[in-house]
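The values are calculated or read from the model by the stated rules, or taken from the named source; none is laboratory data. The model shown is predicted, which means the values in this text are computed figures rather than measured ones. FYI the Cβ positions are ideal-geometry reconstructions off the backbone, even for glycines, and counts take in every protein chain you see. Heads up: the accessible areas ignore ligands, DNA and RNA and are worked out on the full protein's heavy atoms, side chains in. Shrake-Rupley method; radii C 1.70, N 1.55, O 1.52, S 1.80 Å.
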Amino acid sequence: MESTINNLLEFFFILTGFLLIYTAGSVFVDKTHPTRLGTTVFWLLLGVIFAIGNFIPYTLSGIMLLVIGVLTLLKQVKLGHVRPVEEAEAEKASDRIGNWVFLPVVVLAAVAVGVAQFTELGGQVGIGIGAVVSLMTGILVTRATPKTVMDDSNRMIQQVGTTGILPQLLAALGVIFTAAGVGEVIAGGISTVLPEGNRFLGVVAYCLGMVIFTMIMGNAFAAFTVITAGIGVPFVISQGGDPVIAGALAMTVGFCGTLLTPMAANFNALPAALLEMKSETGVIKEQTPLALIMIVVHIALMYFWAF
(Lines give C-alpha, C1' and ligand atoms only; values in the text may rest on other atoms or scores of the structure.)
Protein backbone atom coordinates (compact mmCIF):
# COMPACT_ATOMS: atom_id res chain seq x y z
CA MET A 1 0.00 0.00 0.00
CA GLU A 2 2.83 2.41 0.81
CA SER A 3 4.26 1.85 -2.66
CA THR A 4 0.87 2.57 -4.24
CA ILE A 5 0.51 5.79 -2.25
CA ASN A 6 3.99 6.98 -3.23
CA ASN A 7 3.36 6.18 -6.90
CA LEU A 8 0.07 8.07 -6.90
CA LEU A 9 1.64 11.09 -5.22
CA GLU A 10 4.47 11.01 -7.74
CA PHE A 11 1.90 10.92 -10.55
CA PHE A 12 0.19 14.05 -9.22
CA PHE A 13 3.52 15.84 -8.89
CA ILE A 14 4.35 14.92 -12.48
CA LEU A 15 1.00 16.29 -13.68
CA THR A 16 1.69 19.55 -11.83
CA GLY A 17 5.15 19.70 -13.36
CA PHE A 18 3.84 19.26 -16.89
CA LEU A 19 1.33 22.05 -16.32
CA LEU A 20 4.12 24.39 -15.16
CA ILE A 21 6.24 23.42 -18.15
CA TYR A 22 3.28 24.23 -20.42
CA THR A 23 3.18 27.69 -18.84
CA ALA A 24 6.91 28.07 -19.52
CA GLY A 25 6.31 27.23 -23.18
CA SER A 26 3.43 29.71 -23.39
CA VAL A 27 5.62 32.47 -21.98
CA PHE A 28 8.51 31.62 -24.30
CA VAL A 29 6.41 32.02 -27.45
CA ASP A 30 4.98 35.33 -26.21
CA LYS A 31 7.28 37.83 -27.93
CA THR A 32 5.64 40.76 -26.11
CA HIS A 33 6.41 39.46 -22.62
CA PRO A 34 8.45 42.04 -20.65
CA THR A 35 10.70 39.41 -19.01
CA ARG A 36 10.23 36.51 -21.39
CA LEU A 37 13.46 34.60 -20.76
CA GLY A 38 13.50 35.03 -16.98
CA THR A 39 9.85 34.02 -16.59
CA THR A 40 10.31 31.06 -18.95
CA VAL A 41 13.29 29.78 -16.99
CA PHE A 42 11.43 30.21 -13.68
CA TRP A 43 8.41 28.13 -14.71
CA LEU A 44 10.53 25.61 -16.58
CA LEU A 45 12.81 24.93 -13.62
CA LEU A 46 9.88 24.75 -11.21
CA GLY A 47 8.10 22.35 -13.56
CA VAL A 48 11.17 20.14 -13.81
CA ILE A 49 11.49 20.02 -10.02
CA PHE A 50 7.86 18.97 -9.66
CA ALA A 51 7.95 16.46 -12.51
CA ILE A 52 11.27 14.69 -11.98
CA GLY A 53 12.56 16.05 -8.69
CA ASN A 54 12.72 12.55 -7.20
CA PHE A 55 14.76 11.25 -10.12
CA ILE A 56 17.53 13.84 -10.21
CA PRO A 57 20.31 14.57 -7.68
CA TYR A 58 19.19 16.72 -4.74
CA THR A 59 22.12 19.03 -5.37
CA LEU A 60 20.80 19.79 -8.83
CA SER A 61 17.34 20.51 -7.42
CA GLY A 62 18.95 22.85 -4.90
CA ILE A 63 20.80 24.72 -7.64
CA MET A 64 17.58 25.11 -9.62
CA LEU A 65 15.83 26.48 -6.53
CA LEU A 66 18.63 29.01 -6.07
CA VAL A 67 18.21 30.13 -9.68
CA ILE A 68 14.46 30.45 -9.10
CA GLY A 69 15.19 32.57 -6.03
CA VAL A 70 17.58 34.85 -7.92
CA LEU A 71 15.07 35.34 -10.75
CA THR A 72 12.42 36.29 -8.19
CA LEU A 73 14.80 38.66 -6.38
CA LEU A 74 15.69 40.41 -9.64
CA LYS A 75 11.98 40.73 -10.54
CA GLN A 76 12.39 38.67 -13.69
CA VAL A 77 9.09 36.80 -13.23
CA LYS A 78 6.10 38.78 -14.45
CA LEU A 79 2.63 38.28 -15.85
CA GLY A 80 2.59 38.29 -19.62
CA HIS A 81 -0.18 38.17 -22.19
CA VAL A 82 -2.85 35.67 -21.21
CA ARG A 83 -6.20 34.86 -22.75
CA PRO A 84 -8.58 37.53 -21.42
CA VAL A 85 -11.99 36.73 -20.04
CA GLU A 86 -14.63 38.42 -22.18
CA GLU A 87 -17.31 39.96 -19.98
CA ALA A 88 -20.16 39.13 -22.35
CA GLU A 89 -18.95 35.55 -22.70
CA ALA A 90 -18.62 35.21 -18.92
CA GLU A 91 -22.14 36.53 -18.30
CA LYS A 92 -23.58 34.17 -20.91
CA ALA A 93 -21.82 31.21 -19.33
CA SER A 94 -22.95 32.32 -15.87
CA ASP A 95 -26.60 32.42 -16.96
CA ARG A 96 -26.30 28.98 -18.55
CA ILE A 97 -24.44 27.23 -15.71
CA GLY A 98 -25.98 28.96 -12.70
CA ASN A 99 -25.28 27.33 -9.34
CA TRP A 100 -23.85 24.25 -11.04
CA VAL A 101 -20.59 26.21 -11.06
CA PHE A 102 -20.12 25.13 -7.43
CA LEU A 103 -20.39 21.42 -8.26
CA PRO A 104 -16.65 20.88 -9.03
CA VAL A 105 -15.71 22.40 -5.64
CA VAL A 106 -18.16 20.18 -3.80
CA VAL A 107 -16.94 17.14 -5.74
CA LEU A 108 -13.32 17.90 -4.87
CA ALA A 109 -14.10 18.10 -1.15
CA ALA A 110 -16.38 15.04 -1.15
CA VAL A 111 -13.94 12.83 -3.05
CA ALA A 112 -10.95 13.95 -0.97
CA VAL A 113 -12.74 13.29 2.31
CA GLY A 114 -14.16 10.01 1.02
CA VAL A 115 -10.77 8.70 -0.04
CA ALA A 116 -9.16 9.82 3.22
CA GLN A 117 -11.87 8.33 5.44
CA PHE A 118 -12.83 5.12 3.66
CA THR A 119 -9.58 3.96 2.03
CA GLU A 120 -6.00 3.48 3.14
CA LEU A 121 -4.69 5.95 0.57
CA GLY A 122 -4.73 8.90 2.95
CA GLY A 123 -5.57 12.58 2.69
CA GLN A 124 -2.81 13.67 0.30
CA VAL A 125 -3.78 11.12 -2.32
CA GLY A 126 -7.42 11.98 -1.64
CA ILE A 127 -6.80 15.62 -2.53
CA GLY A 128 -5.01 14.58 -5.73
CA ILE A 129 -7.79 12.23 -6.80
CA GLY A 130 -10.39 14.82 -5.81
CA ALA A 131 -8.64 17.47 -7.94
CA VAL A 132 -8.64 15.22 -11.02
CA VAL A 133 -12.30 14.23 -10.57
CA SER A 134 -13.20 17.87 -9.92
CA LEU A 135 -11.45 18.92 -13.12
CA MET A 136 -13.39 16.33 -15.13
CA THR A 137 -16.61 17.52 -13.49
CA GLY A 138 -15.78 21.13 -14.31
CA ILE A 139 -15.19 20.24 -17.96
CA LEU A 140 -18.56 18.48 -18.15
CA VAL A 141 -20.40 21.33 -16.43
CA THR A 142 -18.81 24.14 -18.47
CA ARG A 143 -18.35 22.16 -21.71
CA ALA A 144 -14.84 23.55 -21.87
CA THR A 145 -12.47 22.45 -24.59
CA PRO A 146 -8.98 21.12 -23.75
CA LYS A 147 -7.50 24.38 -25.08
CA THR A 148 -9.72 26.42 -22.74
CA VAL A 149 -8.64 24.28 -19.80
CA MET A 150 -4.96 24.79 -20.61
CA ASP A 151 -5.35 28.52 -21.32
CA ASP A 152 -7.21 29.15 -18.08
CA SER A 153 -4.72 27.04 -16.12
CA ASN A 154 -1.89 29.03 -17.66
CA ARG A 155 -3.59 32.32 -16.75
CA MET A 156 -4.13 31.22 -13.16
CA ILE A 157 -0.53 30.08 -12.74
CA GLN A 158 0.85 33.34 -14.11
CA GLN A 159 -1.52 35.45 -12.02
CA VAL A 160 -0.51 33.60 -8.85
CA GLY A 161 3.11 34.08 -9.88
CA THR A 162 6.04 33.44 -7.58
CA THR A 163 3.84 33.23 -4.48
CA GLY A 164 2.65 29.85 -5.73
CA ILE A 165 5.81 28.20 -4.44
CA LEU A 166 5.60 29.86 -1.01
CA PRO A 167 3.59 27.09 0.76
CA GLN A 168 6.12 24.42 -0.24
CA LEU A 169 9.08 26.54 0.84
CA LEU A 170 7.49 27.44 4.18
CA ALA A 171 6.56 23.82 4.89
CA ALA A 172 10.15 22.82 4.19
CA LEU A 173 11.33 25.64 6.45
CA GLY A 174 9.22 24.24 9.27
CA VAL A 175 10.93 20.85 8.93
CA ILE A 176 14.34 22.54 8.93
CA PHE A 177 13.49 24.55 12.06
CA THR A 178 12.39 21.36 13.83
CA ALA A 179 15.55 19.51 12.83
CA ALA A 180 17.66 22.47 13.95
CA GLY A 181 16.13 22.39 17.42
CA VAL A 182 14.25 25.68 17.25
CA GLY A 183 11.39 24.07 19.18
CA GLU A 184 13.74 23.20 22.05
CA VAL A 185 15.02 26.77 22.17
CA ILE A 186 11.46 28.10 22.32
CA ALA A 187 10.57 25.60 25.04
CA GLY A 188 13.59 26.70 27.06
CA GLY A 189 12.59 30.35 26.78
CA ILE A 190 8.94 29.73 27.60
CA SER A 191 9.80 27.58 30.63
CA THR A 192 11.52 30.56 32.26
CA VAL A 193 8.32 32.63 32.00
CA LEU A 194 5.40 30.24 32.50
CA PRO A 195 4.66 28.86 35.98
CA GLU A 196 5.01 25.09 35.97
CA GLY A 197 1.70 23.22 35.82
CA ASN A 198 -0.45 26.23 34.88
CA ARG A 199 -2.71 24.77 32.18
CA PHE A 200 -4.42 28.01 31.21
CA LEU A 201 -1.18 29.90 30.59
CA GLY A 202 0.14 26.88 28.69
CA VAL A 203 -2.90 27.00 26.41
CA VAL A 204 -2.51 30.75 25.92
CA ALA A 205 1.19 30.33 25.07
CA TYR A 206 0.42 27.48 22.66
CA CYS A 207 -2.28 29.41 20.82
CA LEU A 208 -0.45 32.74 20.70
CA GLY A 209 2.76 30.96 19.74
CA MET A 210 0.98 29.39 16.77
CA VAL A 211 -0.48 32.76 15.76
CA ILE A 212 2.79 34.68 16.04
CA PHE A 213 4.95 32.04 14.39
CA THR A 214 2.40 31.66 11.59
CA MET A 215 2.52 35.42 11.03
CA ILE A 216 6.30 35.24 10.80
CA MET A 217 6.40 32.24 8.46
CA GLY A 218 3.16 32.89 6.61
CA ASN A 219 1.97 29.33 6.96
CA ALA A 220 0.38 27.44 9.86
CA PHE A 221 1.73 24.11 8.62
CA ALA A 222 5.29 25.38 8.90
CA ALA A 223 4.64 26.77 12.38
CA PHE A 224 2.84 23.70 13.71
CA THR A 225 5.78 21.32 14.06
CA VAL A 226 7.99 23.92 15.72
CA ILE A 227 5.42 25.36 18.16
CA THR A 228 3.92 21.97 19.03
CA ALA A 229 7.34 20.57 19.84
CA GLY A 230 8.39 23.68 21.76
CA ILE A 231 5.18 24.65 23.56
CA GLY A 232 2.32 22.25 22.86
CA VAL A 233 3.93 19.06 24.10
CA PRO A 234 5.65 20.31 27.28
CA PHE A 235 3.06 22.89 28.40
CA VAL A 236 -0.28 21.46 27.21
CA ILE A 237 -0.14 17.79 26.27
CA SER A 238 2.25 16.83 29.10
CA GLN A 239 -0.11 18.58 31.51
CA GLY A 240 -2.91 16.19 30.53
CA GLY A 241 -4.24 17.84 27.39
CA ASP A 242 -5.78 15.61 24.72
CA PRO A 243 -3.24 15.66 21.86
CA VAL A 244 -5.91 15.25 19.16
CA ILE A 245 -8.08 18.13 20.35
CA ALA A 246 -5.16 20.38 21.28
CA GLY A 247 -3.36 19.69 18.01
CA ALA A 248 -6.43 20.31 15.85
CA LEU A 249 -7.23 23.60 17.61
CA ALA A 250 -3.59 24.68 17.44
CA MET A 251 -3.64 24.25 13.68
CA THR A 252 -6.84 26.22 13.21
CA VAL A 253 -5.75 29.02 15.56
CA GLY A 254 -2.61 29.20 13.46
CA PHE A 255 -4.81 30.00 10.49
CA CYS A 256 -5.99 33.04 12.44
CA GLY A 257 -2.38 34.20 12.18
CA THR A 258 -2.56 33.61 8.42
CA LEU A 259 -5.36 36.19 8.28
CA LEU A 260 -3.09 38.80 9.90
CA THR A 261 0.13 38.62 7.91
CA PRO A 262 1.38 39.82 4.51
CA MET A 263 3.73 36.82 4.59
CA ALA A 264 0.72 34.71 3.59
CA ALA A 265 1.01 36.29 0.18
CA ASN A 266 -1.14 33.79 -1.67
CA PHE A 267 -4.03 34.44 0.76
CA ASN A 268 -3.71 38.18 1.41
CA ALA A 269 -1.45 39.97 -1.08
CA LEU A 270 -2.62 38.03 -4.13
CA PRO A 271 -6.36 38.75 -3.69
CA ALA A 272 -5.57 42.44 -3.21
CA ALA A 273 -3.68 42.40 -6.51
CA LEU A 274 -6.30 40.41 -8.41
CA LEU A 275 -9.12 42.63 -7.13
CA GLU A 276 -7.02 45.75 -7.86
CA MET A 277 -7.58 47.07 -4.34
CA LYS A 278 -6.14 50.50 -3.54
CA SER A 279 -4.61 49.23 -0.29
CA GLU A 280 -2.21 46.30 -0.46
CA THR A 281 -3.17 45.42 3.12
CA GLY A 282 -6.90 45.87 2.54
CA VAL A 283 -7.64 42.16 2.84
CA ILE A 284 -5.77 41.91 6.15
CA LYS A 285 -7.57 44.96 7.57
CA GLU A 286 -10.96 43.40 6.81
CA GLN A 287 -9.95 40.06 8.36
CA THR A 288 -8.31 41.37 11.53
CA PRO A 289 -11.40 41.82 13.79
CA LEU A 290 -12.70 38.31 13.08
CA ALA A 291 -9.21 36.83 13.49
CA LEU A 292 -8.80 38.39 16.96
CA ILE A 293 -12.22 37.10 18.04
CA MET A 294 -11.40 33.60 16.80
CA ILE A 295 -8.08 33.58 18.68
CA VAL A 296 -9.93 34.18 21.96
CA VAL A 297 -12.49 31.51 21.04
CA HIS A 298 -9.72 29.00 20.32
CA ILE A 299 -8.05 29.63 23.66
CA ALA A 300 -11.35 28.96 25.44
CA LEU A 301 -12.10 25.84 23.39
CA MET A 302 -8.65 24.35 23.94
CA TYR A 303 -8.76 25.01 27.68
CA PHE A 304 -12.20 23.49 28.20
CA TRP A 305 -12.13 20.72 25.58
CA ALA A 306 -8.57 19.45 25.73
CA PHE A 307 -8.56 18.86 29.51
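Angle, helix 199-217 long axis vs. longest principal axis of the chain, Cα atoms, 0 to 90°, nearest 10?
The angle comes out near 30 degrees.
Hey, of (1) 18.9; (2) 16.7; (3) 15.3, which did the structure itself give for mean projected area of the Cα convex hull in nm² when calculated?
Of the listed options (1) 18.9; (2) 16.7; (3) 15.3, (1) comes from this structure.
Using a 1.4 Å probe and ignoring any ligands, DNA or RNA, find the accessible area of residue 256 and quote it in Å² to the nearest 10.
About 10 Å², rounded to the nearest 10.
Starting from 0.36 nm per residue, how many nanometres of slack lie between residue 184 and residue 113 once their C-alpha separation is accounted for?
22.1 nm
Using the Karplus equation 6.51 cos²θ - 1.76 cosθ + 1.60 (θ = phi - 60°), what ³J(HN,Hα) coupling, rounded to whole Hz, does each residue of segment 92-108 give in order, writing x for Gly and Pro?
4, 5, 4, 5, 6, 7, x, 6, 5, 4, 7, 4, x, 5, 5, 5, 4
Over the chain, average the accessible area per residue using a 1.4 Å probe and give it in Å², no decimals.
Per-residue accessible area for the chain comes out at 57 Å².
Could you grab the relative contact order for segment 83-240? Cα pairs under 8 Å, six or more apart, rounded to a whole percent.
Once normalised by length, the contact order is 19 percent.
In degrees, nearest 10, range 0 to 90: what is the angle between the Cα axis of helix 282-305 and the longest Cα principal axis of the chain?
Around 40 degrees separate the two axes.
Near residue 38, within a Cβ-to-Cβ distance under 9 Å, what is the net charge of the other residues, with Lys and Arg +1 and Asp and Glu -1?
+3
Ranked from the most accessible area to the least, with a 1.4 Å probe and all protein chains present, what is the order of 3, 26?
3, 26
On the accessible surface of segment 1-154, probed at 1.4 Å, how many percent belong to carbon and sulfur atoms?
Values: 6820 of 9800 Å².
That share works out to 70 percent.
Please compute the length gained on full extension between residue 248 and residue 201, using 0.36 nm multiplied by the number of residues separating them and subtracting their Cα-Cα distance.
Details: separation 47, 0.36 × 47 = 16.92 nm, distance 1.83 nm.
Extra length available between residue 248 and residue 201 comes to 15.1 nm.
What is the spin-label model distance, in nm, from residue 9 to residue 60 if the labels are put 7 Å beyond Cα along the C-beta direction?
2.2 nm
Given springs between every Cα pair under 10 Å in a Gaussian network model of the chain, which of 92, 75, 31 has the largest fluctuation?
Answer for the Gaussian network model of the chain: 92.
Bin all alpha-carbon pair distances of segment 53-201 at 10 Å intervals from 0 and give each bin's fraction as a whole percent.
Reading the bins upward from 0: 8, 20, 26, 24, 14, 6, 1.
Cα centroid distance between segment 183-247 and segment 120-144, in Å?
If you average the Cα positions of each part, the centres end up 36 Å apart.
What FRET efficiency do you get for residue 147 and residue 305 if R0 is 45 Å and r is their Cβ-Cβ distance, rounded to the nearest 0.05?
So the FRET efficiency works out to roughly 0.30.
Over the chain, what is the relative contact order in whole percent, taking alpha-carbon pairs under 8 Å and six or more residues apart?
13 percent
Return a whole-number percent for the relative contact order of segment 95-134, with Cα pairs under 8 Å and 6 or more residues apart as the contact set.
Values: 38 pairs, mean separation 16.3, N = 40.
Computed value for segment 95-134: 41 percent relative contact order.
Sorting 169, 37, 201 by accessible area (1.4 Å probe), largest first, what list results? Mind showing how you got there, number by number?
Working: 169 85, 37 110, 201 60 Å².
If we order 169, 37, 201 from most to least accessible, we get 37, 169, 201.
For the Cα atoms of the chain, what angle does the longest principal axis make with the long axis of helix 166-179, in degrees from 0 to 90, nearest 10?
The angle comes out near 30 degrees.
Of the listed pairs 92/278; 31/147; 75/278; 78/147; 31/75, which have alpha-carbon separations greater than 28 Å here?
Listed pairs above 28 Å: 92/278.
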